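Take a look at the structure set out below.
The values are calculated or read from the model by the stated rules, or taken from the named source; none is laboratory data. Just so it is clear, the model here is predicted, and its values are computed rather than measured. Positions of Cβ are generated from backbone atoms using ideal geometry, with glycine treated the same way; all protein chains shown enter the neighbour counts. Heads up: the accessible areas ignore ligands, DNA and RNA and are worked out on the full protein's heavy atoms, side chains in. Shrake-Rupley method; radii C 1.70, N 1.55, O 1.52, S 1.80 Å.
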Amino acid sequence: MSIKSVEFVMSPSEPHFVGDGFRVHTFIPSSYRLDMHRMDPIIMMDYNSKHYFEPSNTPKGVGVHPHRGFETVTIAYKGKVEHHDSSGGGGIIGEGDVQWMTAASGVLHKEFHEKEWSKKGGEFQMVQLWVNLPAKDKMSAPKYQSIENTSMSKVNIENGIIEIIAGEYQGIKGTANTFTPLHLYNARLKQGANAHFSFPAHYNTALLVIEGSIIVNNEHKAPLDHFVLMGNVGENFEITAQEDSVVLVLSGEPINETIVAHGPFVMNTKQEIIEAFNDFNQGKFGYLED
Ligand code: MN
């Protein structure tokens, strides 16, 4: 076992709005060094860094839209999000909770600030990932997993806690069911804490600094809101919290299939994208009220 290297530390790009409720920095895909393949099976990452939303009686967010071919994973750090989809899935997630929506063969969904939270307004912070599905599972049935923080598996380390959203850490399994091997943790670390991680060299691995600031492998400084891409060499690395910190840790086995993405659809071929548009236009994604 050898040290997993740091490939680069990346600062957040200029934010843009998704609908009127999500002010995000898109880390994946974001440049030639981070295309949709580089973090396969994670093909998209939008990060709403801390942003204050004024009180609003009309919840802000994104109206009804389709997805096919992958999963959307939303991790709430501040604020509350309400989700509804045409397969009947839905729920409210708040601080520390995760919603894992498998669009697969296709759903319509909408994503808004939760009504009561919206009336008060406040600081909002969230991550949304798109996790790709292998070709054999792209047309499977949609499903919805609500993962509340209280039900999440947790491992205590010295001066910190590792919340296991998916995959496993030190033999403890996470809560979410995934289609391909994927580890997703929140490392909540007190100042000075040292957390150790080990993933196979070929797993695509990255970190996002949600709170505080860290040093990776005693060498690479990663401030707040920065993204750290780990190299595909070596297995082991460590992060040291320079102050109280929260770090999202992502590592997955690449699916290594062709990716043809168009808007809300991610398939393997152009023909499948055309079919997705046809099915959507023919109402085959079901119905969801605005
Ligand atoms: Mn969506």
Residue 33 being modelled with pLDDT of 95 or more and among the basic types (Lys, Arg):
no
Scan the stretch 122-136 and report the pairs whose first residue is of a type in the set (Phe, Trp, Tyr) and whose second residue is more than 15 Å from the ligand (Cβ to nearest atom) and assigned to a strand (DSSP E or B), with Cβ atoms within less than 6 Å and a gap of 6+ or a chain change.
124/51; 124/53; 124/78
Of the residues 96, 61, which single one is farther than 23 Å from residue 179 by Cβ and more than 16 Å from the ligand (Cβ to nearest atom)?
96
Any chance the stretch 146-153 includes a residue that's under 24 Å from residue 200 (Cβ atoms) and surrounded by 15 or more Cβ atoms within 10 Å (Cβ to Cβ)?
yes
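Residue-wise test of (1) buried (at least 22 other Cβ atoms within 10 Å of the Cβ); (2) farther than 20 Å from residue 38 by Cα; (3) in contact (Cβ under 8 Å) with a residue 24 or more places away in the chain; (4) among the charged types (D, E, K, R).
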residue: 172; (1), (2), (3), (4): no, yes, no, no
residue: 175; (1), (2), (3), (4): no, yes, yes, no
residue: 194; (1), (2), (3), (4): no, yes, yes, no
residue: 227; (1), (2), (3), (4): yes, no, yes, no
Right, residue 72: open to solvent by less than 10 Å² (accessible area, probe 1.4 Å), among the polar types (S, T, N, Q), within 12 Å of the ligand (Cβ to nearest atom) and at pLDDT 95 or above or not?
yes
Check residue 274 against each of (1) part of a helix (DSSP H, G or I); (2) open to solvent by 30 Å² or more (accessible area, probe 1.4 Å); (3) among the hydrophobic types (A, V, I, L, M, F, W, C); (4) touching a residue at least 12 places away in the same chain (Cβ under 8 Å) and name the one condition it does not meet.
(4)
Would you call residue 234 open to solvent by less than 10 Å² (accessible area, probe 1.4 Å), touching a strand residue (DSSP E or B) at 6+ places or on another chain (Cβ under 7 Å) and assigned to a loop (DSSP other than H, G, I, E, B)?
yes
Got a number for residues in the stretch 28-58 being closer than 21 Å to residue 230 by Cβ and either within 16 Å of the ligand (Cβ to nearest atom) or among the aromatic types (Phe, Trp, Tyr) (or both)?
8
Find the strands (runs of 3 or more DSSP E) located wholly in the stretch 104-152 whose residues include 1 or more that are more than 16 Å from the ligand (Cβ to nearest atom) and closer than 17 Å to residue 85 by Cβ, and list them.
143-147
Going by the structure shown, is residue 41 open to solvent by 10 Å² or more (accessible area, probe 1.4 Å) and over 13 Å from residue 109 (Cβ atoms)?
no
